[in-house]
Amino acid sequence: MSDQDSILELILKDEANITEKQKKIITAAIEAFSEKGFAATSTSEIAKKAGVAEGTIFRHYKTKKDLLLALLAPMVSTFIAPLVIKDFDKVLNVSHNSFEDLLRAIVKNRLEFLQKNYTLLKILIQEIPFHDDLRETFKEQIALKVFSRLQEFVEMYKNKGEIIDIPTFSAVRLAITSIFGYFIARYIMLPEAKWNEEEEIERTIQFILYGLTPRN
């Protein structure tokens, strides 16, 4: 698994488990779901984008939802989860002098990962609230593992006196929701707004720091 490949590139390289027509369908479905959302996209649109007959889609996937879940559920468990954990570990396995240094490294790392996999992650974020099975897969394969690692670091910085004495779970939740709330606003909700990314990231970091670091 190359660090330079996006998740979609890795999936399409999986020659043993995917046909050329399926690759076209997957690529077209991801593009269509990203542009219009799952509910507003028809299988006929996907077929047109893929250059295949609509019946070809149904030979591989019984319904449109089956297509979505066939795309996202295995992607989460087989490709996204290992890549997220491995990529995240590159940040967490480095010694950071302070909680602020750790925050900056996490934001930079997640920004690079999001930009490389923007289209697929946009669909995942849009559809997770509406599909219980997808949400459970994401929680088990990614969220709980990332949360567990971050709790270890929060405990360490609490013991150093760099984070206020609040429940560790709450500190991790507040930090994660602030960081990913920025990414969702920037790239999904308001991508057309005039963003100064460097300034907004700095404000996000300072917001977390002033809320979680003790006052003298």
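In segment 21-76, which trypsin sites (Lys or Arg not before Pro) fall in coil by DSSP and have 11 or fewer other Cβ atoms within 10 Å? Could the numbers behind the result be given before it?
Details: sites: LYS21, LYS23, LYS24, LYS36, LYS48, LYS49, ARG59, LYS62, LYS64, LYS65; in loops: LYS62.
Taking segment 21-76 and a limit of 11 other Cβ atoms within 10 Å, the loop trypsin sites (Lys or Arg not before Pro) found are LYS62.
Using the Karplus curve 6.51 cos²θ - 1.76 cosθ + 1.60 with θ = phi - 60°, work out ³J(HN,Hα) for each residue of segment 143-148 in order, rounded to whole Hz, and write x for Gly and Pro.
4, 5, 5, 5, 4, 4
Taking θ as phi - 60°, what are the ³J(HN,Hα) couplings along segment 184-192 by the Karplus curve (6.51, -1.76, 1.60), each to the nearest whole Hz, with x for Gly and Pro?
Here the 3J(HN,Hα) series is 5, 5, 5, 9, 10, 7, 9, x, 7 Hz.
Step through the residues of segment 111-119 one at a time and calculate ³J(HN,Hα) from phi using the Karplus curve (6.51 cos²θ - 1.76 cosθ + 1.60, θ = phi - 60°), rounding each to whole Hz and writing x for Gly and Pro.
5, 5, 5, 5, 5, 6, 10, 3, 4
Are there trypsin sites (Lys or Arg not before Pro) in segment 155-216 that DSSP puts in a loop and that have at most 11 other Cβ atoms within 10 Å, and which ones? Write down the numbers at each step before the final one.
On the way: sites: LYS158, LYS160, ARG173, ARG186, LYS194, ARG203, ARG215; in loops: LYS160, LYS194, ARG215.
Those that pass, being in a loop and sparsely packed, are LYS160, LYS194, ARG215.
What's the extension gain from THR63 to LEU174 if we count 0.36 nm per residue and subtract their Cα-Cα distance? Let's see the in-between values first.
Working: separation 111, 0.36 × 111 = 39.96 nm, distance 3.81 nm.
Between THR63 and LEU174, full extension yields 36.1 nm more.
Each reported figure results from applying straightforward, stated rules to the coordinates on display, with no laboratory input. The structure presented is a predicted model; accordingly, all values stated were derived computationally and were not measured. As a convention, Cβ positions derive from the backbone with ideal geometry for all residues, glycine included, and neighbour counts pool all protein chains shown.
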